[in-house]
Amino acid sequence: MAGGWARDGAVSEQIEASISDELARLKARAQPQGESRTHCADCDEPIPEARRTAIPGVKLCIDCASDLQAQNQPRGGINRRGSKDSQLK
């Protein structure tokens, strides 16, 4: 079912294109490269062989990488147009 002037399936095609673009962007993201460290750069704990094999160029152990990722979580923005305060002004 199309809405307005769009042809049938146009919305689904746009959704699929958006998903494909995002997947391509994630795949192209820079991954660690080079020699993996045997010990974590932060806590100096040994990095398991399986992790070094799975992620070439790894520098952090799982715990330190999880802590770093938790610190870098983006927060949601404020929808100013949808807030009641902005509509009262």
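The values are calculated or read from the model by the stated rules, or taken from the named source; none is laboratory data. Because the structure is predicted, anything quoted here is derived from the model rather than measured. All Cβ positions, glycine included, derive from the backbone under ideal geometry; neighbour counts span all protein chains shown.
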What residue, among those in the range 24-47 that are of a type in the set (A, V, I, L, M), closer than 23 Å to residue 68 by Cα and loosely packed, with under 12 Cβ neighbours inside 10 Å, is modelled with the highest pLDDT?
-> 26
So how many residues does the range 48-89 have that are loosely packed, with under 10 Cβ neighbours inside 10 Å, modelled with pLDDT under 65 and more than 20 Å from the chain's Cα centre (by Cα)?
-> 10
